[in-house]
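Read through the structure below, which is laid out as structure tokens, and then see the notes.
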Amino acid sequence: MKKIITLLCLPASLAVYAQPRVLTQATLTTKTTIVSPETDEAPAMSTTSADGQEIRVMRFGGDGETKTTTWLKNDLTKTFSESEMGRTTVIRDNTKKLTTTIMEIMGKRSGFYATDEDQAQMRKRMDSMMQGRGGQNITFGAPGGKPPVYNISYVDETKKVSGYNCKKALVIATRSNGSMDTTTVWYCPDFKIQNLPSTGGVAAGFGGFNAVQGSNGLEDLNGFPMEYQRNMARGRKMTVQVTKLVIDKEITDKEFEIPKDIEIKAMKDMQNGGPGGPQIRMIGG
């Protein structure tokens, strides 16, 4: 009799500890809204250096709304973002560890590519430069090379986000200086998405830096974040919400092809100006 009871209880135990299924194909539409205090002034979008060279100023986390569509198929990801600043398409090949970015800003189109190693080296240079300037601009790595420590607190609350039943969690980041930040997340426990721990946010539309910038705590959730709210520097608040999710429609490989009518350069050439090309500087986010 004891053996029969044990066998009957086994399925119930498996149900309790069931893991979210991993989706390898999906299309997501996301809305990111950032609200800034009235005193937070945005910098110029373009300026000119002392030698007469055009410098395009990219600002992460500016006030306003950004709409993002992400296509995922196995190890390929494509993200298209549109905001008042312009349009950006990021194509990520996780097998090759390669990110290609195409930007349309103020009517001008340009593109660049970078490996994960290229991006890591750029982050180090940017961190060193920003720390030398008193840390006034954005840093792509953690100060002193020490990333935050994340802890997740699950809350017994539920709500629907874009038709999906979601649960609430608090992602608490403790930084090396002892400060703490809390991100409120509504996640769907039914699934995770391969190579996509989250979507939207301040860096989703530019350069794919989120592919190598390290953890933000959301990848440790027991499901996929469908909505989250985060406090940002200078009193700004960011809300990210998945407004549509399609998982039953086939995505063709053609969706991830690089356009042939745009010259794609190496990121280091774009960042340093390059022969006849603009410089790109990324600040304050």
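What follows draws every value from the coordinates through simple rules; no lab data is involved. Bear in mind that the values here come from a model prediction, so they are computed numbers and not experimental data. Because the Cβ atoms are built from the backbone with ideal geometry, glycine has one as well, and the counts that use them run over all protein chains shown.
Amide H contacts for T243 (H built 1.01 Å from N in the peptide plane; partners 5 or more residues away or on another chain; cut-off under 5 Å): T29, T30, K31. FRET efficiency for the pair K108 and T33, taken as 1/(1 + (r/R0)^6) with r the Cβ-Cβ distance and R0 = 35 Å, rounds to 0.85.
Distant-in-sequence amide contacts of L23, defined by a placed amide H-H separation under 5 Å and a gap of 5 or more residues or a different chain, comprise K192, I193, Q194.
Taking θ as phi - 60° and the Karplus parameters 6.51, -1.76 and 1.60, the scalar couplings of region 89-98 work out to 10, 10, 10, 10, 10, 6, 5, 8, 6, 10 Hz in sequence order, x denoting glycine and proline. If you plug each phi of region 162-178 into the Karplus form 6.51 cos²θ - 1.76 cosθ + 1.60 with θ = phi - 60°, what whole-Hz ³J(HN,Hα) values come out, in order, with x for Gly and Pro? Each residue of region 162-178 in turn: 6, x, 9, 6, 10, 10, 9, 8, 10, 9, 9, 9, 10, 8, 5, 8, x Hz. On the beta carbon distance between R21 and S215, with R0 = 25 Å, the FRET formula returns roughly 0.65. Within the shell defined by Cβ-Cβ distances under 10 Å, the residues around N165 carry a net charge of +2, with Lys and Arg each +1 and Asp and Glu each -1.
With Cα atoms defining each centre, region 222-238 and region 90-112 are spaced 25 Å apart in the structure.
Gain on full extension, evaluated as 0.36 nm per residue between V246 and V155 minus their Cα-Cα distance, stands at 30.1 nm.
Once both labels are positioned 7 Å from their Cα atoms along Cα-to-Cβ, the gap between T95 and M180 label points is 4.5 nm.
Across region 232-239, in residue order, what do the Karplus-derived ³J(HN,Hα) couplings come to in whole Hz, using 6.51 cos²θ - 1.76 cosθ + 1.60 with θ = phi - 60° and x for Gly and Pro? Karplus values, whole Hz, x for Gly and Pro: 10, 5, 6, x, 7, 10, 10, 10. One chain, two ends: E117 and D261. Fully extended at 0.36 nm per residue, the span grows by 49.2 nm beyond their Cα-Cα distance.
Subtracting the Cα-Cα distance of T239 and E84 from 0.36 nm times their residue separation leaves 54.1 nm of extension gain.
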